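For reference, the structure discussed in these notes is given below.
None of the figures in this text is laboratory data; all of them are computed from the coordinates on show. Because the structure is predicted, anything quoted here is derived from the model rather than measured. Here the Cβ positions follow ideal geometry from the backbone for every residue, glycine too, while neighbour counts run over all protein chains shown.
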């Protein structure tokens, strides 16, 4: 038995309009499925990310992140990009601010962070 790859990552957002706009319209993820779950009064939007998916849940009145970003559990999500500098420029053109580009101490590759509408840290890494 072995784990082959990540099947999906789940993200919780607080606002349907803001989160959907951010992940679909600004970042360009393709919607695979989108469902309103009446019994839970929430939305589940499945987004295509390469061969994997991101499950974007929109749930009202969720607790906020406990700290930035050092609470126990999942710390952040990271996406591979071919060119961090070009991606930072592209994000900036969409009004998304990033932290300064820095070098990963262990891989020697460029990386930086930005945040989704609810403050989730998102890393881009070469």
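Odds and ends about this structure:
- Per-residue extension of 0.36 nm, minus the Cα-Cα distance of residue 30 and residue 86, leaves a gain of 18.1 nm for this segment.
- Taking only the Cα atoms of the range 6-61, the radius of gyration and Dmax are 10.7, 31 Å.
- Calculated FRET efficiency for the pair residue 5/residue 72, C-beta based, R₀ 22 Å, to 0.05: 0.35
- The relative contact order of the range 6-61 comes to 43 percent, based on Cα pairs under 8 Å that sit 6 or more residues apart.
- Binned Cα-Cα distances of the chain, short to long, each 10 Å bin given as a whole percent: 11, 40, 37, 11, 1
- DSSP bridge pairs, the range 6-61: antiparallel proportion in percent, nearest 5: 70
- Sorted by Cβ neighbour density within 10 Å, fewest at the top, the residues 12, 6: 6, 12
- Additional length obtainable on full extension of the chain from residue 38 to residue 62, 0.36 nm per residue less Cα span: 6.9 nm
- Fewest-first ranking of 126, 64, 99, using other Cβ atoms within 10 Å as the exposure measure: 64, 99, 126
- Nearest 10 degrees, 0 to 90: helix 84-93 Cα axis against the chain principal axis: 50
- Order of 46, 116, 105, 25 - criterion: other Cβ atoms within 10 Å of each residue's Cβ, fewest first: 105, 25, 46, 116
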